[in-house]
Amino acid sequence: MMKADVMGAKFHSLTLSEAVNAGVSLIGTGCHRVVTPNSEIVYEALKNPELMELINTSSLVLPDGIGVVYASKILGCPVKQKVAGIDFAQGLMEALAGTDKTFYFLGSKPGVADGAKEKLLEKYPGLNIVGTADGYFKDDAAAAEKIRQTGADVVFVCLGAPKQEFWIKNHGEATGASLLIGLGGCLDVFSGNVNRAPDIMIKLGLEWLYRLYKEPKRIGRMCRLPLFLFKAVGTRLRGK
Ligand code: UDP
């Protein structure tokens with residue numbers, strides 16, 4: 001699979017459907033971590049080698065966010081398209097509904113994962129969801145063991161980034177699942193508690209603006225987006 005190096009973070013360059021196919025084909029072939037870093041996370045990884053290593057040792061690294069897509073263009077190694085974690089997750093559910101492959105939802109506030117389950121069963125009849133748990137547990141090993149007992153193949157891990165990525169690294173194997181995906185606030189969206197931006201804003205690459213409008217406290221995190229692009233320009237100019 002083609003990779004695009006965005007300041008040290010190596011992204012797979014895939015369309016959404018290629019990414020979904022790649023995810024499906026990993027099931028049953030060991031324990032795989034899927035990460036979908038946005039520019040905030042890559043920016044953080046520049047200062048945190050452990051996080052960078054975690055990104056680059058994942059089985060699938062998908063560019064969630066227009067910042068990463070722009071940076072890849074600036075750096076002269078464009079990714080094929082933005083592949084948002086939420087779109088990847090929906091593609092997987094569509095592909096696997098009606099098969100014997102099973103899902104587990106871990107994360108968000110109590111009740112959210114169950115709400116998501118209910119909504120998603122309406123949307124994807126035949127989807128096999130074998131368990132849910134909220135993301136405010138104390139005992140990591142017990143949370144992983146609970147997943148193992150369900151025999152889930154795919155786990156949506158929604159604890160916020162980069163907590164969820166480290167959780168998958170440290171406890172993923174113990175869950176016995178094949179595909180563990182860090183998906184941030186996706187369960188909040190699937191449950192209907194939080195709305196995604198209108199389609200037109202997503203198409204125009206303005207989803208970040210909508211999120212900022214809904215959650216103004218994100219401003220600090222989002223200031224990293226222009227900084228990140230400036231850094232990409234600097235890297236390009238230095239010819240690295
Ligand atoms: N969360 C959780 N456990 C924690 C901290 C956060 O389950 O200890 C959940 C939180 O309820 C929310 C999600 O993680 O559903 C983080 O969502 P956000 O949109 O902030 O994700 P990010 O942008 O950090 O990936």
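Taken together, the values in this text are just the output of simple stated rules run on the coordinates, not laboratory data. Computed from a predicted model, the values in this text were never measured in an experiment. Virtual Cβ from ideal backbone geometry, glycine too; neighbours counted across all protein chains shown.
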### Query
Pairing the Cα long axis of helix 224-237 with the longest principal axis of the chain, what angle in degrees results, from 0 to 90 and rounded to the nearest 10?
50 degrees
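Rounded, prolate or oblate: which fits the range 103-144, taking a ≥ b ≥ c as square roots of the Cα gyration tensor eigenvalues, rounded meaning a/c under 1.5, else prolate when a/b beats b/c?
Working: a/c = 4.66, a/b = 1.91, b/c = 2.44.
Here the range 103-144 falls in the oblate category.
With contacts defined as alpha carbon pairs under 8 Å and 6 or more residues apart, what's the relative contact order of the range 76-164 in percent?
Details: 106 pairs, mean separation 31.9, N = 89.
Once divided by the residue count of the range 76-164, the mean separation gives 36 percent.
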#### Entry: Degrees separating the helix 112-123 axis from the principal Cα axis of the chain, which is the longest one
80 degrees
### Message
Using the Cα centre of the chain as the reference point, and only Cβ charges (+1 on K/R, -1 on D/E), how large is the resulting charge dipole? Debye, rounded to the nearest 20.
### Response
1000 debye
### Query
Which of the lysines could a cross-linker span from residue 119 if the Cα-Cα distance has to be under 17 Å and same-chain partners fewer than 8 positions apart are dropped?
109
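What do you get when you divide the Cα radius of gyration of the chain by 2.2 N^0.38 Å, with N the number of residues?
On the way: Rg = 17.3 Å, N = 240, 2.2 N^0.38 = 17.7 Å.
So the Cα radius of gyration is 0.98 times the expected 2.2 N^0.38 Å.
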### Query
Do any of 73/231; 10/47; 123/163 go past 19 Å between their Cα atoms, and which?
123/163
### Query
Taking Cα atoms, how many degrees apart are the long axis of helix 16-26 and the longest axis of the chain, rounded to 10 and kept between 0 and 90?
50 degrees
### Query
Of 137, 69, 58, which is farthest along the charge dipole of the chain in the positive direction, counting Lys and Arg as +1 and Asp and Glu as -1 at C-beta?
69
#### Entry: Length gained when the stretch residue 73-residue 21 is fully extended (0.36 nm per residue, less Cα-Cα span)
16.3 nm
## Note on the structure
Stretched fully, the stretch from residue 1 through residue 229 gains (0.36 nm per residue minus C-alpha distance, one decimal, in nm) 79.6 nm
### Task
Subtract the Cα-Cα distance of residue 123 and residue 141 from 0.36 nm times their separation in residues, and report this length gain in nm to one decimal.
3.3 nm
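Using only the alpha carbon atoms of the range 85-226, find the Kirkwood hydrodynamic radius as the inverse mean reciprocal pair distance, in angstroms to one decimal.
Details: mean 1/r = 0.0633 Å⁻¹.
Averaging 1/r across every pair of different Cα atoms and inverting gives 15.8 Å.
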#### Entry: Sorted largest first, extent of the range 1-89 alpha carbons per principal axis (Å)
34, 26, 22
